[in-house]
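What follows is one structure encoded as structure tokens, with my remarks underneath.
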Amino acid sequence: MSRSARRRPGRRRPWGSYAVVVAGAALTLVPFLDMLLTSFKGPGEYGKLPYRFLPQAFDLSNYRAAMEQLDLPLLFRNSVIATAVITGSILVTSALAGYALAKLRFPGREVIFRLVLSTMMFPPFLFFIPHFLILVHWPGAGGNDLLGRGGAGLTVSLAALVMPFLVSGFGIFLMRQFMVSIPDELLEAARIDGAGEFALWWRIVLPQTKPVAVTLALLTFVNAWNEYIWALLISTANPRLMTLPVGIQMLQSYLDPDRMVPVMMAGLVLSILPVLLLFLLLQKHYLRGVMLSGLK
């Protein structure tokens, strides 16, 4: 029997759906390609009409200008330290809290979980002013006395970049929802063998949550790496705490208008390289975590 005869009648390939997906992927890549190509354009070439995507000549002068205008080692150091601390803290706290809310029985568990969910309903910048005031009046730091008066507190230290983001309600929710699916019988068998709660969390639960943990790590890394508003607020108190997004935005303050956009695009290309590299390394685990966690 031929292949066409074995094919069920009326079954057709969804070419229309394929076309929509390919078109959506192409539209997603257009801004990235425009940023990359603009970073090679010469002075006055950007913004001319009719608009041209391709530069007249691929020139690396914009990258040299970005490196000369920016203190890239300092910016990268601040961004890497802040992103690494935030990502690590959210992974640990989310895994611990998610396990407690999913597998431990204690009074008020559902109330605590609902409070965690409620933190996801407010935009993060709503809490920036309270966070800043807390850091300014931190006792015994930055010249403050024990009552938190007389100095700048923690706003002049690297701790100011990370403290408002050490715990994530979304991370706790994501880890908890996945850990609920782990069979209780597996944990009960380990308890019978004498395993404590920490051993259960470390040896049984965590290895099974690897795909979701990678997904959470990537989402947290991208958000922390691209954080701008809070980093800008902190860098006003101490310019030495400036991160890559803030530094690239500051380029427009001391560049000629005809070179401003290409040089900023060159800085943006340099800034996204770590994120792109991390995604390529963890792409397999990320896609698996998205499917397992039900994210869209």
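The values are calculated or read from the model by the stated rules, or taken from the named source; none is laboratory data. Predicted model only: the values in this text are computed from it and were never measured. Note: ideal-geometry Cβ built from the backbone for every residue, glycine included; neighbour counts use all protein chains shown.
Brief remarks follow.
- Here L29, L104, L75, L54 are screened, and the one residue that is within 30 Å of the chain's Cα centre (by Cα), hydrophobic (A, V, I, L, M, F, W, C) and modelled with pLDDT under 90 is L29.
- Residue that is farthest from the chain's Cα centre (by Cα), among those in segment 78-98 that are buried (at least 16 other Cβ atoms within 10 Å of the Cβ) and under 30 Å from V263 (Cα atoms): N78
- Filtered residues of segment 48-91 (kept if assigned to a helix (DSSP H, G or I), over 19 Å from V246 (Cβ atoms) and aliphatic (A, V, I, L, M)): I90, L91
- Any hit, segment 185-194, residues being surrounded by 21 or more Cβ atoms within 10 Å (Cβ to Cβ) and of a type outside the set (F, W, Y): no
- Test: residue in segment 103-120 that is touching a residue at least 12 places away in the same chain (Cβ under 8 Å), charged (D, E, K, R) and surrounded by 15 or more Cβ atoms within 10 Å (Cβ to Cβ): yes
- Any helices (runs of 4 or more DSSP H) falling wholly within segment 175-278 and containing at least 2 residues that are modelled with pLDDT under 90 and under 19 Å from A84 (Cα atoms): 210-225
- Segment 32-51, residues that are hydrophobic (A, V, I, L, M, F, W, C) and either in contact with a Leu (Cβ under 8 Å, 6 or more places away or on another chain) or modelled with pLDDT under 85 (or both): M35, L37, F40, L49
- Within segment 245-263, residues that are closer than 27 Å to L233 by Cβ have Cβ atoms under 8 Å from residues that are among the aromatic types (F, W, Y) and not in a helix (DSSP H, G or I) in these pairs: P245/Y228; V246/Y228; Q249/Y228; V261/Y46, counting only partners at least 6 apart in sequence or on another chain.
- First in segment 29-43 and buried (at least 16 other Cβ atoms within 10 Å of the Cβ), second anywhere and outside any helix (DSSP H, G or I) and among the aromatic types (F, W, Y), Cβ under 8 Å, 6 or more apart: L37/F53; T38/Y46; F40/F58
- Residues that are of a type in the set (A, V, I, L, M, F, W, C) and free of Cβ contacts under 8 Å to residues at least 12 places away in the same chain, drawn from segment 160-189: A189
- Residues in segment 125-158 that are part of a helix (DSSP H, G or I) and touching a residue at least 24 places away in the same chain (Cβ under 8 Å): F125, F127, F128, H131, F132, L135, T155, V156.
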